[in-house]
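Chemist: Take this structure, written in structure tokens, and hold onto it; I'll ask about it next.
All of the numbers you see were taken from the coordinates with simple rules; none came from a lab. Computed from a predicted structure; not experimentally measured. Heads up, the Cβs are rebuilt from the backbone with ideal geometry, glycines too, and the neighbour counts pull from every protein chain shown.
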Amino acid sequence: MWVSTGVLLGFVAWFILRYIGTSFYVVNQNERAVKTSFGRAQRRGHATTLETPLAETLLPDEHARYRWPLLRVLGPGFHFKWPWEKVYRVSIATATINMARDLEEPTANQNGTILEAVTKDQLNTGMEGQIRYRVSERNLYAYLFGVKKPVVHVMGYFVSVLRERIAAFEAPLAAIAGSSDDIAVMAGISINDIRKNLSLLNDQMEEECRSSEARYGIVLDASLITAIDPSSDVVSALAAINTAHNQVSSDISLAHAAADQRIVQSRRVVEIETLKAQAEVEPLNALAAQLRDLQASGSDVLQAYLRNVRLQLYTQAQQVILEEKQT
């Protein structure tokens with residue numbers, strides 16, 4: 001009897017230590033937890049992500065594919081679970097990862113340092129940058145149970161979208177029209193367009209990847225593409241193109257300066273000749289005004305003036321030729 005009682009007490013003590021003692025757990029401040037009961041996650045009734053603002057980031061034909069149930073999420077604090085329940089804890093802190101890093105093949109992309117892509121004019125280029133992401137508290141089902149390796153999946157999704165944007169990227173016409181002559185001349189070379197519009201490319205990537213939270217339960221906070229590094233052959237070709245364009249721009253500037261100088265000189269010549277003509281016309285206008293005044297005073301006065309002028313001319317002339325009147 002004492003033996004059976006001791007066995008029973010030992011079993012009870014083992015059960016308490018094995019299950020009851022380990023049923024208490026703590027969720028840290030930067031963590032969230034989800035419990036499953038016999039493998040089924042605790043849900044919030046029949047609510048799904050399609051009833052939340054996350055559905056606005058999906059296309060209409062994607063609603064049925066990404067219809068994830070909403071789970072009961074446990075916040076920071078001290079919690080209890082039954083032995084048949086299992087707890088999944090995830091960190092919701094923002095993490096940063098190199099966009100060239102391949103989590104399944106570390107040696108890919110030059111050991112995770114440079115991500116290669118092809119531009120619209122078939123130029124190979126390398127990109128450097130980082131991705132900031134965090135687990136979505138609003139869609140933990142997709143992160144925990146919807147995708148086997150969510151971070152790997154989202155990285156592949158991001159890289160595929162980025163390469164598609166690089167292959168089709170064009171500088172906006174408004175930016176080209178409002179830019180300087182040098183930048184406008186260089187428009188149309190895809191690598192130069194991308195380099196001059198990195199912020200625009202980053203904004204486009206953020207907009208394209210907004211649906212990752214509704215799809216996979218991961219929020220892409222930002223994509224920071226920091227450098228575009230083409231191959232050495234492409235760099236040499238771009239340097240030659242830039243040199244040629246700079247020379248053309250210099251020649252155009254010199255031609256504009258010479259043309260402006262000729263225009264200024266022509267304007268001054270016209271101004272001088274105009275002043276000379278005015279100087280010759282003014283005495284004639286004054287003489288005409290004076291003759292009109294004399295004529296208004298009487299015909300005898302005008303005839304006397306003309307006689308005096310004629311006599312003055314006779315005194316200054318060395319020879320005088322007079323017309324002989326015919327009889």
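Chemist: Place the peptides 256-269, 130-143, 113-126 in order of packing, highest mean first, counting for every residue the other Cβ atoms within 10 Å and averaging per peptide.
Modeler: Details: 256-269: 10.0, 130-143: 20.5, 113-126: 15.6.
The packing order, highest mean first, is 130-143, 113-126, 256-269.
Chemist: Below 30 Å, Cα to Cα, which lysines can LYS149 reach? Residues fewer than 8 away in the same chain don't count.
Modeler: Straight-line reach from LYS149, under 30 Å: LYS35, LYS81, LYS86.
Chemist: Still on this structure, please answer the following. What is the fewest-to-most order of LYS86, LYS148 by other Cβ atoms lying within 10 Å of their Cβ?
Modeler: Exposure proxy ranking, most exposed first: LYS148, LYS86.
Chemist: Moving on to the next point. Counting only residues 5 or more places away or on other chains, whose amide H sits under 5 Å from the amide H of LEU70 once H atoms are built in the peptide plane?
Modeler: HN-HN under 5 Å from LEU70: ARG44, ALA47, THR48, THR49.
Chemist: With a sphere of radius 9 Å drawn around the Cβ of MET155, what net charge do the other residues whose Cβ falls strictly inside it have (Lys, Arg +1; Asp, Glu -1)?
Modeler: Result for the neighbourhood of MET155: 0.
Chemist: With a cut-off of at most 16 other beta carbons within 10 Å, and DSSP calling the residue loop, which GluC sites (Glu not before Pro) in region 255-325 qualify? Please list them.
Modeler: GLU323, GLU324
Chemist: Using the 10 angstrom Cβ neighbour count as an exposure proxy, how do VAL147, VAL248 rank, fewest first?
Modeler: So the residues, fewest neighbours to most, are VAL248, VAL147.
Chemist: Charges only on Cβ, +1 for Lys and Arg, -1 for Asp and Glu: so what's the dipole of region 263-311 about the Cα centre, in debye to the nearest 20?
Modeler: 100
Chemist: Take the Cβ-Cβ distance between TYR314 and GLN278 as r, set R0 to 35 Å, and report the resulting FRET efficiency rounded to the nearest 0.05.
Modeler: Computed FRET efficiency for TYR314 and GLN278 comes out at 0.65.
Chemist: Taking only C-alpha pairs under 8 Å that are 6+ residues apart, what is the relative contact order of region 44-178 in percent?
Modeler: Rounded, it is 23 percent for region 44-178.
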